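Novice: Mind having a look at this structure? Questions to follow.
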């Protein structure tokens, strides 16, 4: 299962998606969040302020995306090749 969240990843007091995600995941997959920030930074310097968290709970991959439609779309563009590779691994396949 692939679960996307959108928004709540900034610096504001209502931006609690990363904390909520960390509270339920079994382990983080930091490279996914790093890829989101790097891809975003190539487009805007403000991407460095984003706090996305990505991780696994059971066999579900949870990915925090930016709240803006543009940021979410650009993040998905950056992630899909890697996400397609991740699922067979999550299901117990080889690397």
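A short reminder: the numbers here are calculations on the coordinates, not readings from a lab. Bear in mind that the values here come from a model prediction, so they are computed numbers and not experimental data. Backbone-built Cβ (ideal geometry, glycine too); neighbour counts: all protein chains shown.
Novice: What about residue 78, is it part of a helix (DSSP H, G or I), touching a residue at least 40 places away in the same chain (Cβ under 8 Å), out of contact with any strand residue (DSSP E or B) (no Cβ under 9 Å at 6 or more places or on another chain) and surrounded by 13 or more Cβ atoms within 10 Å (Cβ to Cβ)?
Specialist: On the way: part of a helix (DSSP H, G or I): yes; touching a residue at least 40 places away in the same chain (Cβ under 8 Å): yes; out of contact with any strand residue (DSSP E or B) (no Cβ under 9 Å at 6 or more places or on another chain): yes; surrounded by 13 or more Cβ atoms within 10 Å (Cβ to Cβ): yes.
It is true that residue 78 is part of a helix (DSSP H, G or I), touching a residue at least 40 places away in the same chain (Cβ under 8 Å), out of contact with any strand residue (DSSP E or B) (no Cβ under 9 Å at 6 or more places or on another chain) and surrounded by 13 or more Cβ atoms within 10 Å (Cβ to Cβ).
Novice: From the list 33, 47, which one is within 12 Å of the chain's Cα centre (by Cα), over 13 Å from residue 6 (Cβ atoms) and not in a loop (DSSP other than H, G, I, E, B)? Spell out the reasoning first.
Specialist: Values: 47 fails: within 12 Å of the chain's Cα centre (by Cα).
Step by step, each of 33, 47 is checked, and only 33 is within 12 Å of the chain's Cα centre (by Cα), over 13 Å from residue 6 (Cβ atoms) and not in a loop (DSSP other than H, G, I, E, B).
Novice: Right, next: State whether the residues of the stretch 59-67 include one that is surrounded by fewer than 19 Cβ atoms within 10 Å (Cβ to Cβ) and either part of a helix (DSSP H, G or I) or touching a residue at least 60 places away in the same chain (Cβ under 8 Å) (or both).
Specialist: Residues of the stretch 59-67 that are surrounded by fewer than 19 Cβ atoms within 10 Å (Cβ to Cβ), as a first pass: 59-60, 67.
Okay, now just the ones that are also either part of a helix (DSSP H, G or I) or touching a residue at least 60 places away in the same chain (Cβ under 8 Å) (or both), so 67.
Yes - at least one qualifying residue is present in the stretch 59-67.
Novice: Scanning the stretch 25-36 for residues that are in contact with a strand residue (DSSP E or B) (Cβ under 6 Å, 6 or more places away or on another chain) and surrounded by 13 or more Cβ atoms within 10 Å (Cβ to Cβ), which turns out nearest to residue 59 (Cα to Cα)?
Specialist: Ranking the candidates gives 25 first.
Novice: Only one residue in 70, 51, 22 is touching a helix residue (DSSP H, G or I) at 6+ places or on another chain (Cβ under 8 Å) and either touching a residue at least 24 places away in the same chain (Cβ under 8 Å) or surrounded by fewer than 18 Cβ atoms within 10 Å (Cβ to Cβ) (or both). Which one? Spell out how you get there, then give the answer.
Specialist: Numbers: 70 fails: touching a helix residue (DSSP H, G or I) at 6+ places or on another chain (Cβ under 8 Å); 22 fails: touching a helix residue (DSSP H, G or I) at 6+ places or on another chain (Cβ under 8 Å).
Only one candidate passes the filter, namely 51.
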